[in-house]
1. Can you tell me how many residues in the range B:457-515 are away from every other protein chain (no Cβ under 14 Å) and either of a type in the set (A, V, I, L, M, F, W, C) or in contact with a His (Cβ under 9 Å, 6 or more places away or on another chain) (or both)?
2. Take the residues in the range B:840-883 that are over 16 Å from B:Gly957 (Cα atoms) and in contact with a helix residue (DSSP H, G or I) (Cβ under 6 Å, 6 or more places away or on another chain); name whichever of them is surrounded by the fewest Cβ atoms within 10 Å (Cβ to Cβ).
3. Would you pick out the residues in the range B:810-850 that are among the β-branched types (Val, Ile, Thr) and either part of a loop (DSSP other than H, G, I, E, B) or modelled with pLDDT of 90 or more (or both)?
4. Does the range B:83-100 hold any residues that are assigned to a strand (DSSP E or B) and under 13 Å from B:Val66 (Cα atoms), and which are they?
5. Would it be correct to say that B:Phe962 is within 9 Å of chain A (Cβ to nearest Cβ) and not in a loop (DSSP other than H, G, I, E, B)?
6. Filter the range B:917-970 down to the residues that are of a type in the set (Phe, Trp, Tyr) and in contact with a helix residue (DSSP H, G or I) (Cβ under 6 Å, 6 or more places away or on another chain), then identify the one that is surrounded by the fewest Cβ atoms within 10 Å (Cβ to Cβ).
7. Would you mind listing the strands (runs of 3 or more DSSP E) fully within the range B:190-241 where at least 3 residues are crowded, with 24+ Cβ neighbours inside 10 Å and of a type in the set (Lys, Arg)?
8. Which of the residues that make up the range B:60-112 are touching a Leu at 6+ places or on another chain (Cβ under 7 Å) and at pLDDT 85 or above?
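The values are calculated or read from the model by the stated rules, or taken from the named source; none is laboratory data. Note that the structure is predicted; figures quoted are calculated from it, not measured. In this analysis, Cβ positions are derived from the backbone assuming ideal geometry, glycine residues included, and neighbour counts consider all displayed protein chains.
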Amino acid sequence: MMKYITEARQVIPRMGRRIAASFVGVVIAAGFITACDTNRLLDVTTPNAVPVSLLDNPTNAALMVASAVGDFQCALGSAIGVEGLISGELSDTQLGAAQWDYARRTANTLTNGIYGTSGCAGTQGFGVYLPLSTARYDADHAIANLTKWTDAQVSNRATLLAISDLYAGFSYAWLGMSMCEAAFDNGPAVKQAGMFALAEARFTAALAAAPAGADSIKNAALVGRARVRLYQGNTAGALADAQQVPAGFVLNSSNDATALRNYNRVYTITAQYGFYSIPTWSQNMTTETGQIDPRSAVTLAAATRSADNKDTPIYVPSKYAAGDAAPTPIARYEEAQLIIAEIQGGAQAVTIINAMRAAHGVNPYTGPIDAASIKNLVISERQRVLFLEGQRNYDIERFKLPFNPPEGTDFPTGGGQYGNTTCLPLPDIEKFNNPSLGAGFVPSTTGT
Amino acid sequence: MSSVGPIRSSPRVGWRAALARAGAVMLAAALAVTPGAAASAQQEGGVLAGRVITQTGSRPIVGAQVAVADQAGKGAVTDASGRFRIVGVSGTDVVLNVRMIGYQAISQTVRVGSVNLQFAMSERALELNQVVVTGTAGGEQKRELGTSVAQVNVADVTAKQVVPSVDALLNGRAAGVAILPGTGMVGAGARVRIRGIGSFSLSADPLVYVDGVRVDNQTGTGISIQAFGSGVVSRLNDFDPDQIESIEVLKGPAAATLYGTEAARGVINIITKKGSSGGTTYNFKVSSGQNIFQDAAGRIATNWCHVGTTSTGAPTCTPNGTGPLLGLNTVTREDSLGTPIFRRGLLQNYEANVSGGSGIFQYFAAASMNANQGVDPTNEDNKKSFRTNLTVTPNDKFNLQTNFGYIYGRTRLACEAGCGGLMWDSEYSTPANLPQFCAPGKVACTWTQGFNGTPPAADEVLQDWQNLNRLTVSATINYNPFSWFTNRLAIGTDVTQEGNIEQVPYLTNDTLANFWGAYAAGYRYNNQHQATYNTYDYVGTVNFKLRPYLNSKTSGGVQYYTNYNTYLSTEGDFFPAPGLQTISSAGTIQPTTENWTQNNTYGFYGQQEFALSDRLYLTGAVRVDNNSSFGSQVHWVTYPKISASYVASDEPRIQEHLPSWVSSLRVRAAYGGSGQQPGYNTALQTLAPVAGPLGHSILTPNQIGNPNLKPERVLGTEVGFETGMFHDRFGIDFTYFHDDSRDAILSRGVAPGTGFGAAAGATNSQFFNAGEIVKSGVEALFKAQVANRRNFAWDMNLNMATQNAKILRLNGVDTVVDNGFNQHRVGHSPFDWYSQRVVGVNNATYDPTTNKVTIAKADVMCDNGHGGATNCYNSGGLVVAPKVFLGHSTPTFTSSFSNTFTFFNNWRLSAMLDAASDYKRLDNNIRIRCQLFHTCLEYVNPQSTDPKLLAQYFSGGPLRDFTIRDASYIKFRELSLSYDVASKYTARFGAHGATLSASVRNLGMWTSYTGLDPESQFISNSSPASTDQAELPQLLTWAFTVRLSY
């Protein structure tokens, strides 16, 4: 080795020249490469997505608000499906394990379930927290921008702002009806009462922003605010709002048959695809006299076979039997009337309910009008009038109604027993990835 | 310049003339690749011909490289009879180099014109002069490298037996390269993992190059026949093993530094067969055999119920009851009825190739056809492959090589796992679905015949297939203007068109239609995907002899890779009438979706190597890359490399001190970096267009993005040695590696409260640089020639590898939950299994009158993580016990053991076992049967079952540590017997050589795993953890093969 070192000392100058020549070549090449506009070589397109900042431009204000409305309508469909399955308005007729926790009412025990991760456009399993959160984000994002922009920048700014507030209000309201807790924009957890309060604030803002003539926005905001005020125990406020809603008012989601997102979700998952049906106890529900209430009637989808096996008949609620484009109520006069009946009780409630019954040929209520009876009447009436509009599950929660089938009953399809889910807990995906809730990490508890 | 007459080698010819001549020769070759053309070329220059055989036994060596020293393009590859012929040789005496993987190289001076040369090569456990592909021009000898490179002599393997795929070729033949098969269906592929898992969320698929150009390396393509987003077709297996000469695997970042970003998981170089100078050689292969579901009745579960009657006297079959037990094994039942569920699939394989050439022009052309049937009656894999490789060497300075490969085929697959299919319906059979329990008049019910819900006839209605068209074209120019300056320019493209179709026809059979629900009216889904990979690669090397004992080699290279994917999907549901099959004829047409993705990588490198006395090699290199997926705040990424290799046995002073039985010894060490890029556009925050109300498009939150996203940067260290002993009859190749991934990327969920992640196709995830993962292990290859006698030789190979990965850091915290069963925890391997573990039941009450065991939730005790027990549930009935470590999800030890016995020169018997251990897998079969469907014997017969298991069954889902089971195995992977027909017989039908072989794959296993198969698993779900759920096990395959060479 010493020999090498000695010789190396002698030849290093010559070696150096040759090595230097080699390196010069490499360096020149590298310099040429880096001097070129290599970024062009790395340019790629994103044909199926656009930067978020696109909607921060006043010229896109209408698109921004339409997006908020569209996302809410899609979310509403999936929320109705999820709430319907948990409350027993729908039954599962497929062999997909992901939905069992809804049908079994055990979704509250498996916080990594699809309710926190799936979107709104599915036909088999769909989420509720994510779609509603998306709608809420859209609307709040729109409110922030529209508040910042001027009328000169955005035509119809007041109307767009009112619409954004309205749909933000319904998004928060539905989140409160579905979730035990939720978090927004990586913030802290908010309980149901907090969500209803946020919803009320947005409805109030919608009423304030709506220009003259925007009656539909105002009436929908009144129904929404009455609902969440009722849920918060503000019966006077709820009554005042509900009483302002004119007869015949309805705000529907504009479903259509052009894209899965816009389908009437209940029709799609029952009559069209056969993944869900109406369980026997929710079919053709009757009044206290045994009369079938046409408002909760169901229709046999004779041509549709269930996805699970060969025998389960598929029923679709008659109110949605028109097809994928059948509208879904977001807010309507009947709900306002039921809120009034619930608050006023007694004979006034009977009068309201009988008036609504008469419009559908249902015999009037003639039973006792003590508080307990009227409460049961209102609950029953709400179950049939608002059938598969997604409100039954929160009624079960707030009225503490018995489960059907009872908790502990063996679940026939996927094992285990029926549980007691009403509201859904904050999902793992929120708990573990929201920095306000622990930044995605849980304490290490064990070794190997 | 315009002449197309006789072309003579000239060292002074200009490069423009060389190009023109090359073009002329290419044209001539394209017009007529015929023996006649080759024969005319043979008229030039001197001839060298002869045979290469083994030193012991005088067996012909197939695929040996014979080359004339210092005369570029003057070389040949031996044919099936070991013969070679080189024409156009200049001079009177030349040095002939003979090389073959696994044999000691020969360099011998021969007289030009000799046509009966014979070279007897001795098998060598350690061959350091073999040239391998490392990213530099012309490759490097193994002795120069500081890293280990695995080489598989494919031609030798395929000469002995039928190897169905490239991943099967790699299985057990390269230490540290794990092949994780997905399913036993023909046409399905495996995941390839080199040195274990070193990333949280990025693909662990190694890069794949074919003849120097990057190609599509996706391992999970096609229709999602396992559900949960998993395709099972691997692009790696598009390439026909019969057209491959060798495969080289660069393992780890230190070896793959020059390949830059994306190469951290290793690089697989596939080198296809090339033509060689000499006479035209024709090779034909015919192979036929069967694929068999071995012991199907013993592996498919038997499911149980208690037989009883209802109050009206109707027969019942329920999990909970007191009546007699009824067991159902659908395989046994259907066999007895003469309607077997699974078939014996026919395997057919035909291949023909022609190769040869002159001193200037060499060619290899091949065509092959593979038609394989799986054991599922709908499973088929049909491929046709064509290849033309041309080499033009107009003079010593210039060489053009073109490679053209085209593959087309159709792979039809069947549903399994979560998708349903025969496996699902058989494994989860239900006695309650037997005809005797059907209500009167329920025809469809009687069709179910005990299957889970769908009888085979209804399963087979579904048609899932992938149409494939794949073109891989490359051209490589080697231009060496001076003896000290070499250049290589490689340009190529790999275009893969996949047509992924799923359809159910309009069913006219009413009973059959009942099993398809609304889809009995049929549907068709069509997904067209095209992946294009383009490679532009230039490398120049300057080689100086600075002193007689000191050589300097300086390399510089620049590479530009583009990857472009297009997707077009559409679906039509519900045909109005039978016979209609197009999407446009469907009643409900889903919106068409279109997308394309692009990813470009641009980088360059410089490398300096010094060689002292041709035994000490010191190398330093730097690679710099940029990639279109990097975040906007991230620009060039630099990867360094240094390595040393010292052939100590060539050092006289050391040689004196080595024991006489040590014939060779090399030590080596390397340190280097490589990377792994994040996915397409994952850095961007985006909105996606979706259909909004009233026919308007709207924008919805899509991907939350991460502008600070950096590539994973992996720095690896590797040290090792190779030694040959006892005249190279015994050899050891040992490597220790340690890789450190500093910016390991984790795909974390996006908090839904942000509003992002709801759009179709969104992943609800955000990539971020989460922490640091280190992995280390050893790889050892032992080769021995146990016996080497005239009529008997015994060669033995033992490959062993360990891989241990550990998370060092998770950005300041110590645990992150990945999903329900796998977690990433500091101090543990990524994706280890974690769950609550039931350790005891305080009280279980058995009621013999109802045959039920009752366990209160309060009595179920779980591991508390500190060696004690705690209640699994809280008072509200929620599982609150901590999740504890249950095991590793991927093997930490893999091994293979192969032996080849040669009898009487012509007979060879080869066998290979491989093994994997120290890992567990999720057996969802046992979960579904016991916990969900309640059909396992342990559930229906609870008085004999461990209450700890019952407590889990009764939980319905939250408690299920019983599903994580040891999956260690030893498999008898290959057995083959081949016979080289004696020349006196082959001469009778004009052949140079003929080989007959019989081979069997997967003919046995030893495992404690209780599920269907310790290997089969979901192929491409996001977690690499192994999950078993009604997938077809690996099949037993036997084949008989005849090879002829003319």
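1. 15
2. B:Asn843
3. Scanning the range B:810-850 gives B:Val838, B:Val839, B:Val841, B:Thr845, B:Thr849, B:Thr850.
4. Within the range B:83-100, B:Arg83, B:Phe84, B:Arg85, B:Ile86, B:Val87, B:Val89, B:Val94, B:Val95, B:Leu96, B:Asn97, B:Val98, B:Arg99 qualify.
5. Here the answer is no, as B:Phe962 does not meet what is asked.
6. Per the criteria, the residue is B:Phe962.
7. none
8. Across the range B:60-112, the qualifying residues are B:Val66, B:Val68, B:Leu96, B:Gln108, B:Val110, B:Val112.
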